[in-house]
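Okay, so here's the structure we're looking at.
The values are calculated or read from the model by the stated rules, or taken from the named source; none is laboratory data. Keep in mind it's a predicted model, so treat the numbers as computed, not measured. Backbone-built Cβ (ideal geometry, glycine too); neighbour counts: all protein chains shown. Only protein heavy atoms, including side chains, enter the accessible area calculation; ligands, DNA and RNA are left aside. Shrake-Rupley method; radii C 1.70, N 1.55, O 1.52, S 1.80 Å.
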Amino acid sequence: MIKNLNLSEGILDEYGSRTRTFEKDEYLARTGSAPKSLLYITSGVAKIVTINEEGVEYLHGFSDEGEMVGLGSYLCNYKFYNDFIVEEDIVAVEFSFDQFEKMIAENAEIARNIMQYLAEIIEIKTINLSTIMGKNPRDMVLTTLNRIKERSMLAEDSLVPFTRQEMANYLGLRVETVIRTVKELEDEGLLKIKKGKIYY
């Protein structure tokens, strides 16, 4: 599981500029735009996606409580290469770049946490690629479900925050393949489907 930044309320009050709220389907960031500030999520979830010219959405993952949106783009002086779209209503603390740099200059432990946070994101992406490459659809779907549960610390039989289409886009599979595989896993008793939703 990716270590979150665990910024205390005191730190947020001292260095954060303001609290902002975002509703489902709002954009926190758009592909091709440059970050104007940093957002530290205190509650809610954003999905990280790339949408190609045909409108097909590829899901990279999620950002949730304790994560910072815009950090990588800001530190590397890059424009956003993904869209960050609110999946569950978000409350976030906004940091100006000056205040963020002041915070890490004055707090060595936070600077170390940020380095570990970024390193773990890279590591997780590498692990994800290595665990799905060359596997059959059943193993790919199961691996993804296990990683969702591990990442989000979900309880047994929790709602999976992926639609079948999103899972297909994430894994590079046809949606029909994912639908068939999910049904097979249900028949094996490895997951449950309630009102069309996947529980694992």
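Note on the chain: Rg/Rh from C-alpha atoms, Kirkwood Rh, equals 0.99. Tell me, what is the FRET efficiency for Tyr199 and Asn52 to the nearest 0.05, using R0 = 25 angstrom and their Cβ-Cβ distance as r? Computed FRET efficiency for Tyr199 and Asn52 comes out at 0.25. Here segment 138-200 is treated as a Stokes sphere of Kirkwood radius computed over C-alpha pairs; at 10 °C and 1.306 mPa s its diffusion coefficient rounds to 137 µm²/s.
Residues Phe80, Phe95 ordered from highest to lowest accessible area at a 1.4 Å probe: Phe80, Phe95. Along the Cα-to-Cβ line of Glu150, 7 Å from the Cα, sits a label point; which residues in segment 35-63 have backbone N less than 18 Å from it? Hits in segment 35-63 for Glu150 at 18 Å: 60-63. Between Val175 and Asn107, residue separation times 0.36 nm minus the direct Cα-Cα distance comes to 19.8 nm. Of all DSSP bridge pairs formed entirely within segment 20-136, close to 100 percent run antiparallel. Entry comment: accessible area of the chain is 56 Å² per residue, from protein heavy atoms only and a probe of 1.4 Å. Rg over Rh for segment 56-124 works out to 0.96, both radii taken from alpha-carbon positions and Rh defined as the Kirkwood radius.
Once fully extended, how much extra length lies between Asp13 and Ser43, figured as 0.36 nm per residue of separation less the alpha-carbon to alpha-carbon distance? All intermediate terms of the calculation are to be shown ahead of the outcome.
Numbers: separation 30, 0.36 × 30 = 10.80 nm, distance 1.60 nm.
Computed gain between Asp13 and Ser43 is 9.2 nm.
Projected onto their three principal axes, the Cα atoms of segment 1-66 cover extents of 45, 28, 20 Å, largest first.
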